[in-house]
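Asker: The structure that follows is given in the form of structure tokens.
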Amino acid sequence: MAAAAAAGPSPGSGPGDSPEGPEGEAPERRRKAHGMLYYGLSEGEAAGRPAGPDPLDPTDLNGAHFDPEVYLDKLRRECPLAQLMDSETDMVRQIRALDSDMQTLVYENYNKFISATDTIRKMKNDFRKMEDEMDRLATNMAVITDFSARISATLQDRHERITKLAGVHALLRKLQFLFELPSRLTKCVELGAYGQAVRYQGRAQAVLQQYQHLPSFRAIQDDCQVITARLAQQLRQRFREGGSGAPEQAECVELLLALGEPAEELCEEFLAHARGRLEKELRSLEAELGPSPPAPDVLEFTDRGGSGFVGGLCQVAAAYQELFAAQGPAGAEKLAAFARELGSRYFALVERRLAQEQGGGDNSLLVRALDRFHRRLRAPGALLAAAGLADAATEIVERVARERLGHHLQGLRAAFLGCLTDVRQALAAPRVAGKEGPGLAELLANVASSILSHIKASLAAVHLFTAKEVSFSNKPYFRGEFCSQGVREGLIVGFIRSMCQTAQSFCDSPGEKGGATPPALLLLLSRLCLDYETATISYILTLTDEQFLVQDQFPVTPVSTLCAEARETARRLLTHYVKVQGLVISQMLRKSVETRDWLSTLEPRNVRAVMKRVVEDTTAIDVQVGLLYEEGVRKAQSSDSSKRTFSVYSSSRQQGRYAPSYTPSAPMDTNLLSNIQKLFSERIDVFSPVEFNKVSVLTGIIKISLKTLLECVRLRTFGRFGLQQVQVDCHFLQLYLWRFVADEELVHLLLDEVVASAALRCPDPVPMEPSVVEVICERG
Amino acid sequence: MEDDAPVIYGLEFQARALTPQTAETDAIRFLVGTQSLKYDNQIHIIDFDDENNIINKNVLLHQVGEIWHISASPADRGVLATCYNRTSDSKVLTCAAVWRMPKELESGSHESPDDSSSTAQTLELLCHLDNTAHGNMACVVWEPMGDGKKIISLADNHILLWDLQESSSQAVLASSASLEGKGQLKFTSGRWSPHHNCTQVATANDTTLRGWDTRSMSQIYCIENAHGQLVRDLDFNPNKQYYLASCGDDCKVKFWDTRNVTEPVKTLEEHSHWVWNVRYNHSHDQLVLTGSSDSRVILSNMVSISSEPFGHLVDDDDISDQEDHRSEEKSKEPLQDNVIATYEEHEDSVYAVDWSSADPWLFASLSYDGRLVINRVPRALKYHILL
């Protein structure tokens, strides 16, 4: 490698450079090193030795900065003689090897130069030969051109004659065609190739017209006219028979038109035929409707109508427009009228069919059917914009959608009523011994969830109408009014309203006496409405608004209004519940007061059973209400104060009130005292509105009951023992009723008044000792 | 304009019975009967001096028993009938009797009311309505337009028509009818219709209203379940012959057209407890007065079902003012049925209310504690109705 590298730059330093010692060798080495550098090689690599640590080392034989003097100095200084000798021989040997390598290279390259020179010389000769041949070619070409021009000139004359002859030939062919025309036409007519015949006629017509002054042509024309007339007649015949399908008819008409038949008339006939066909379709559709339909499902029906009638109509319209385009607006108007008339009949049929579907529950099928129906009618809609079929179809779809909404509303109402019936049954079901009544809370949850699921189902069903893939969902009605007025207002708000109304109707029912509505149902409904007010309404409406992106300007009922209505309903129901329950207890008390002979009653030994019953019932009501309503707030005084309060009531206050009645003082005092007492007590509003909690409800019921007791007592006259019995009864009630009411003072007041009234109604008022009263009550 | 304050009068005893002196058309006079088991009962004749806002009273003793119902003869100022309790042998029986008050009290006394010393005078008994066979008397009603010779009394389940003969000193049972049915049927109240030549009477028992023809003593109509609970009282519209009002324990006041008994024409639900009394104003039947055991008296304006639904009709001789009237009428038309006023002067249950027979704008109400309150229709409304 070192040898090859050295070959380029220094070919001249050849074999003659004999080594005259290390000194003489030095410039050679340097050059070699420089050559190596020129080839981009590092010295280390070139020398086949690992590169020294310092490439600038002047003592490196193969380095670029080799300095022979330094090297020699170093050798001389550092090496012993023997080593010097060795290196000398070694160096000499290396130099010789290099020299011989160089010689070999030079020889080889020399040969190559020689062969290259030979090649170039040969090429020079070849090019010269080629130039000659090119010249010859050019002269030949010139000759050829010359010849060609001469030939063309010679042929010119013939060519013109040939062209003329060809023209004559064509003319003759045409003439022949004309002369043959009658027979051809006849043949065509015979063969039934009407199209061909009409084409021939069309081609010949103009010529014949032009040359009719020539007798021969005239004859042909007459013949042709006769034949054409026959042709037209036959075409007409075929057209009238009309057995064949619409395309063939269209063809007939087209041919007739081409024959120049009056378009007006043809147009009429064409439509008449089309009408016949379409009416057949309609009849078959109607047959499917039938009086007792083996009704194919609505999807199939609309499919059939779509492909049969609407398809037919499309064909007719397309053919018509193609054929009678020349008729202008009058023709279009005729077609529109035609389409309108038949369309309206078709719509009537579809509506009848859809009406049969109204009762059904499956919305998806209906929506799909409507979708097909609507989609189908969009095609002729584009074709027959003037007939307004698409609009009419949209209208039908809208109407059906509206009816569906109504249907769903009915469904929801029915579901609600069904729930109520279920609840009634559950309430009326005989109670299993040991089981504490029907779980009102459970019933409530059932009702609420069942209604909610019904609402959701309805929403989902109605939502199909607005699905993206349905063709009519992007109509303005379905985007706006349907969502807001239809679904939100009509269906959801309407349902909630009707629910409230249904619930309220229980308050107005004349069954106040018999209690046609079980009180528990009233309570349950009231709670239901209250729940609606607090959460459900806003939930449902949010759900609706989300599902049906309401996006128009129609005013919608705000949630707050509905909530207020629901709350009002709940309040009325609860108030009614209080009234009904109060009435039940009132009736008991009233009967007990009215039917007893108070004058001749015996000394009281027991609390009367009816009072126990009152307390029991009140407890039951308390439990019932507690199932659905929260406890509520009582006045602070409470719990164990009952005893204490009562002792006050029975001793001091009671005594105070009786005192004037049985001490013979002025009668004025009674009034004075009772009036003064009234000054300090608030007026008791008996049938006052209740709040939504247990205590308030119970307070209401107890107020009603005790007021009844008071009024009844005032209508009777009591004997001494009668009075004492009342005393005992009232004490008993006092013992048990305080715990139910918000303000026990109220019970005291009312019971006080009962006893006071009884005392007034007693000619011989001797009250029982309070202690005895207490003993009797505790025993009973 | 300011309305006059109510005038209050207190009785010493409990009281339930109140009636205007029907035959008196000049002076405002009410009769009140007391209820006391221990003392002699009294009938207070209360004269109201409208101009001076002063009450004059006279007291008559009614010694036979406590008064549950009182009614005055429409023909004779001095004659009245009471239903009273008589207690004997630990039995209570309600009887009825016709009385005559002393002559000098008939037209009221104009002495100053310092009569604490004056001895109470006694009623003169004209006749008993013999009810031994019929039971407790609930009420006595006079034939409204007649000569004061016919009365009807309701005793338990019997309706009895009496003829008063020989200047009322004798009562002869002319005819009777009775109610048959399950349980103990008991009349609570009755009114004699001023229409149809006074041949109709309406009664209430339990929740039912019935109409009777006094000539045949047969039932002519029946409103079952007129109220949810006991019917306490009823009254005929003085100007519309088929209309009557009823009230009861369901706190409601209902207005009926007796030709259609299935539905009330109108229902009021303003009271918060049993309504004991309902009275039409004698001349202006849109004014309806009710008293209730919630201690309130309510005056309602039932224009829509009154005989003057569009206000006072223009008389023919007012042609000169017609234009004015027209414009006024228009302003009147939107008059709605409403509550005119709620009177809360009472502190105990109000068992009786009634209009004065002399002054159509004045009425009295009586609560159990013996408080009698005399009130007037608000002036604004009065002028509104009149003009």
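The values are calculated or read from the model by the stated rules, or taken from the named source; none is laboratory data. If you're wondering where the values come from, they're calculated on a predicted model, not measured in any experiment. FYI the Cβ positions are ideal-geometry reconstructions off the backbone, even for glycines, and counts take in every protein chain you see. Ligands, DNA and RNA are excluded from the accessible area calculation, which covers all protein heavy atoms including side chains. Shrake-Rupley method; radii C 1.70, N 1.55, O 1.52, S 1.80 Å.
Asker: Tell me, what HN-Hα J-couplings in whole Hz come from the Karplus equation 6.51 cos²θ - 1.76 cosθ + 1.60 at θ = phi - 60° for each residue of segment B:271-283, using x for Gly and Pro?
Answerer: 7, 10, 8, 3, 9, 9, 8, 9, 9, 7, 5, 5, 10
Asker: To continue, here is another question. Would you please classify the overall shape of chain B from the alpha carbon gyration tensor, given that a ≥ b ≥ c denote the square roots of the eigenvalues, rounded means a/c under 1.5, and beyond that prolate means a/b larger than b/c while oblate covers the rest?
Answerer: Because a/c hits 1.5 or more and a/b fails to exceed b/c, chain B counts as oblate.
Asker: Expected output is a single nm value to one decimal: the length gained when fully extending between A:Arg128 and A:Ala170, i.e. 0.36 nm times separation in residues minus the C-alpha distance. What is it?
Answerer: Working it through step by step, the gained length comes to 8.9 nm.
Asker: Can you grab the distance from the C-alpha centre of segment A:66-86 to the C-alpha centre of segment A:176-237, Å, no decimals?
Answerer: After rounding, the separation between the Cα centres reads 129 Å.
Asker: Just to be sure I follow: if Rg is taken over the C-alpha atoms of segment A:85-176 and Rh is the Kirkwood radius over the same atoms, what is Rg/Rh?
Answerer: With Rh from the inverse mean 1/r over Cα pairs, Rg/Rh is 1.81.
Asker: Moving to a separate point now. Based on the mean of other beta carbon atoms within 10 Å per residue, what is the order of B:295-308, B:44-57, A:454-467, most packed first?
Answerer: The densest-packed peptide leads the list: B:295-308, A:454-467, B:44-57.
Asker: Oh, and also: Which net charge results for the neighbourhood of B:Glu106, defined as the other residues with beta-carbon distances under 14 angstrom from its beta-carbon, given Lys and Arg at +1 and Asp and Glu at -1?
Answerer: Net charge around B:Glu106: -2.
Asker: Using the Karplus curve 6.51 cos²θ - 1.76 cosθ + 1.60 with θ = phi - 60°, what ³J(HN,Hα) values do you get for each residue of segment B:43-57, in whole Hz, with x for Gly and Pro?
Answerer: Couplings: 10, 9, 9, 10, 9, 10, 8, 5, 6, 9, 6, 10, 9, 10, 10 Hz.
Asker: What is the sum of charges, Lys and Arg at +1 and Asp and Glu at -1, for the other residues whose Cβ falls under 13 Å from the Cβ of B:Leu123?
Answerer: Every neighbour counted, the sum reads -1.
Asker: What order, most packed first, do the peptides A:440-453, A:613-626, A:576-589 have when packing is the mean number of other Cβ atoms within 10 Å of each residue?
Answerer: For the peptides A:440-453, A:613-626, A:576-589, the packing ranking is A:576-589, A:613-626, A:440-453.
Asker: Here is a further query. To check my understanding: the extent here is largest minus smallest coordinate of the Cα atoms along each principal axis. What are those three numbers for segment A:391-486, in Å, largest first?
Answerer: The Cα atoms of segment A:391-486 stretch 66, 19, 19 Å along their principal axes.
Asker: Applying 1/(1 + (r/R0)^6) with R0 = 45 Å to the Cβ-Cβ distance of A:Leu602 and B:Tyr242, what FRET efficiency is obtained, to the nearest 0.05?
Answerer: Plugging the Cβ-Cβ distance into 1/(1 + (r/R0)^6) gives 0.30.
Asker: Filter the trypsin sites (Lys or Arg not before Pro) in segment B:131-200 to those in DSSP coil with at most 10 other Cβ atoms within 10 Å of their Cβ, and list the result.
Answerer: B:Lys182
Asker: Hey, can you rank B:246-253, A:693-700, B:58-65 by average C-beta count inside 10 Å, highest first?
Answerer: Peptide ranking by packing, descending: B:246-253, A:693-700, B:58-65.
Asker: From Cα pairs below 8 angstrom and at least 6 apart in sequence, can you work out the relative contact order of chain B, rounded to a whole percent?
Answerer: 14
Asker: Can you list residues from other chains, or at least 5 along the same chain, whose modelled amide H is less than 5 Å from the amide H of B:Leu11?
Answerer: Answer set, sorted by chain and number: B:Arg371, B:Leu372.
Asker: Looking at segment B:26-98, what % of the alpha carbon pairs are farther apart than 18 Å?
Answerer: 44
Asker: Name the long-range amide H neighbours of B:Gln200: under 5 Å, sequence gap of 5 or more, or other chain; modelled H, no Pro or chain starts.
Answerer: Result for B:Gln200 returns B:Ser193, B:Thr214.
Asker: Once both labels are modelled 7 Å past Cα along the beta-carbon direction, what's the A:Val92-A:Ser183 spacing in nm?
Answerer: In this crude spin-label approximation the distance works out to 12.9 nm.
Asker: Skip the ligands, DNA and RNA, and give the accessible area per residue of segment A:85-176 with a 1.4 Å probe, whole Å².
Answerer: On a per-residue basis, 94 Å².
Asker: Residues with amide H under 5 Å of B:Ala174's amide H, sequence separation 5 or more or different chain, H placed in the peptide plane at 1.01 Å from N; which?
Answerer: B:Leu161, B:Trp162, B:Asp163
Asker: How large is ³J(HN,Hα) for each residue in segment B:236-248, as worked out from phi by the Karplus curve 6.51 cos²θ - 1.76 cosθ + 1.60 (θ = phi - 60°), to whole Hz, x for Gly and Pro?
Answerer: 8, 5, x, 10, 10, 6, 9, 9, 9, 10, 9, 9, x
Asker: Still on this structure, I have one more. Under a Cβ-Cβ cut-off of 15 Å, what is the net charge of the residues other than A:Arg376 that fall near it, where Lys and Arg count +1 and Asp and Glu count -1?
Answerer: +1
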